[in-house]
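K.L.:
Okay, handing you the structure first.
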Amino acid sequence: MISSLMRAAVLAGHGEPLDIGLVPKPAAGPGQLLVRLQACGVCHSDVHIWQGDVTPPDVPQPFILGHEGVGHVEAIGAGVTGWSVGDAVGVPWLHDTCMHCDECLDGQEAFCQHQRAHGLNVPGGFAEYVVADATFAVALPDTIDPVATAPVMCAGVTAYGAIRRAGLKAGERLAVFGCGGLGLYAVQIASRMGVEVVAIDRDPAKLDHARLYGAVETELADATLAERLADRPDKVHAVINFAPTTATWPSMTSAIRPRGRIVAAALVSDPVPLNQEWLTGTGVTITGTSVGTRKEMAEVVALHAAAPLLNPIEEIGLERVSEALQMLKSGQAKGRYVIRF
């Protein structure tokens, strides 16, 4: 007899340890897939939701975080085509979008203002099973390693989307601020494109990984960084910020060349100073990025399948997910945490 219950980590109170226990197993509705998860990454966005920095208008029941899931199709809802039971599948941030706003119609659904996300608006992947919209579920090759691939569902596609947003091409120089999971993916992706990457972080160990993954230069983010970058004649064509702090802003503006592109990829709610005269004099473009589109997801999965994107990963059980959230919050995480089911 198939159990109608599953193990899950449920948010009971913001900032409190998640409740590990049994909850009803979901079913695939029309247009949906039921996915039996093998792995789910723990993302810094989960920390924001866990702490209550980001709150949904309608709390999902049960409130299960997680949006970096990898598993297999267990069941298929009515009206779904193109999927079979047993297919390898990824469960990303986007559960669905409105499909009719300008952003969706332009193929930029990651900016849809009516999107629903796994682990925020609908139950997510800190559970043995999760329901995904078949239109937004990610087709994966059977050969992938689920633990190594789980972070690609958010961190990997966010890094890829940021690089595309920056309009980078071979021979240009990119400064990557913040060499955690997202930043290290960006270093690898940009390097494979022939972009010269300058990796910047306050942690020397993360800079060691950045060099290993293709950075041509590294800079330690200390008190003199902005001054050092301002004195350099070889300004960068683009800057991407993955560090969740305003402290990077002076160094970002010091590093960028005239007509360069600054891309904000981290969730930073506090304002930064912006001199409009500086903008008129330099022509610098400032923009933001949010995860990635379905097209970008397919492209980064193909890139990962051809030659795996690497990241320091600590594999954990579901019972350690609250510990992982706390380590991410405190900045003590050495890499990505991935739950293996």
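K.L.:
Take the alpha-carbon centre of segment 164-217, take the same for segment 51-68, and report the distance between them in whole Å.
P.N.:
Value for the Cα centre distance between the two parts: 31 Å.
K.L.:
Ok, one more. Got a sec to turn the phi values of segment 62-71 into Karplus ³J(HN,Hα) couplings, 6.51 cos²θ - 1.76 cosθ + 1.60 with θ = phi - 60°, whole Hz, x for Gly and Pro?
P.N.:
3J(HN,Hα) across segment 62-71, in whole Hz: x, 8, 10, 6, x, 8, 10, x, 9, x.
K.L.:
Taking amide hydrogens as modeled 1.01 Å from N in the peptide plane, which residues meet the under 5 Å criterion relative to Val197, leaving out close sequence neighbours?
P.N.:
Hits under the 5 Å cutoff: Leu174, Val216, Glu217.
K.L.:
Picking from Ala39, Ala223, Ala243, which is most flexible by a Gaussian network model of the chain using Cα springs under 10 Å?
P.N.:
Top of the fluctuation ranking is Ala223.
K.L.:
Kindly write out, for segment 12-22 in residue order, the coupling ³J(HN,Hα) from the Karplus curve 6.51 cos²θ - 1.76 cosθ + 1.60 (θ = phi - 60°), rounded to whole Hz, with x marking Gly and Pro.
P.N.:
Once θ is set to phi - 60°, the couplings for segment 12-22 become 9, x, 4, x, 8, x, 5, 7, 9, x, 9 Hz.
K.L.:
Which of rounded, prolate, oblate describes segment 193-240, given a ≥ b ≥ c as roots of the alpha-carbon gyration tensor eigenvalues and a/c under 1.5 marking rounded, otherwise prolate only if a/b is larger than b/c?
P.N.:
The shape class here is oblate.
K.L.:
Based on DSSP H runs of at least 4 residues, each adding -39500 (n - 2.57), what is the mean residue ellipticity at 222 nm of the chain after dividing by all its residues, to the nearest 500 deg cm²/dmol?
P.N.:
That comes out to -7500 deg cm²/dmol.
K.L.:
Determine ³J(HN,Hα), in whole Hz, for all residues of segment 152-162 in sequence, where each value follows from phi through the Karplus function 6.51 cos²θ - 1.76 cosθ + 1.60 and θ = phi - 60°; x replaces Gly and Pro.
P.N.:
5, 5, 10, 4, x, 6, 5, 5, 5, x, 5
K.L.:
If you place +1 on the Cβ of every Lys and Arg, -1 on the Cβ of every Asp and Glu, and leave all else neutral, what size is the dipole of the chain about its Cα centre, to the nearest 20 Debye?
P.N.:
That gives the chain a dipole magnitude of about 520 debye.
K.L.:
Also, quick follow-up: Assuming a viscosity of 0.890 mPa s and a temperature of 25 °C, what translational diffusion coefficient in µm² per second does Stokes-Einstein assign to segment 157-288, Rh being the Kirkwood radius over Cα pairs?
P.N.:
171
K.L.:
While we're looking at this one, here's another question. When the Kirkwood radius is taken over all Cα pairs of segment 92-184, what Stokes-Einstein diffusion coefficient follows at 25 °C and 0.890 mPa s, in µm²/s?
P.N.:
After rounding, the answer is 161 µm²/s.
K.L.:
Then there's this: Would you mind calculating the relative contact order of the chain from Cα pairs under 8 angstrom and at least 6 residues apart, reporting the percent as a whole number?
P.N.:
Relative contact order for the chain comes out at 19 percent.
K.L.:
Cβ neighbours within 10 Å, averaged per peptide: list 154-165, 313-324, 24-35 in order, most packed at the top.
P.N.:
154-165, 24-35, 313-324
K.L.:
For the chain, just run the numbers: alpha carbon Rg, then divide by 2.2 N^0.38 Å, N being how many residues it has.
P.N.:
Dividing the Cα Rg of the chain by 2.2 N^0.38 Å gives 0.99.
K.L.:
Just the Cα atoms of segment 1-125: what Rg and Dmax do they give in Å?
P.N.:
When restricted to the Cα atoms of segment 1-125, Rg and Dmax are 15.1, 47 Å.
Computed from the coordinates by the stated procedures, all read-outs in this text should not be read as laboratory data. In this text, all values refer to a predicted model and were calculated from it rather than measured experimentally. Note: ideal-geometry Cβ built from the backbone for every residue, glycine included; neighbour counts use all protein chains shown.
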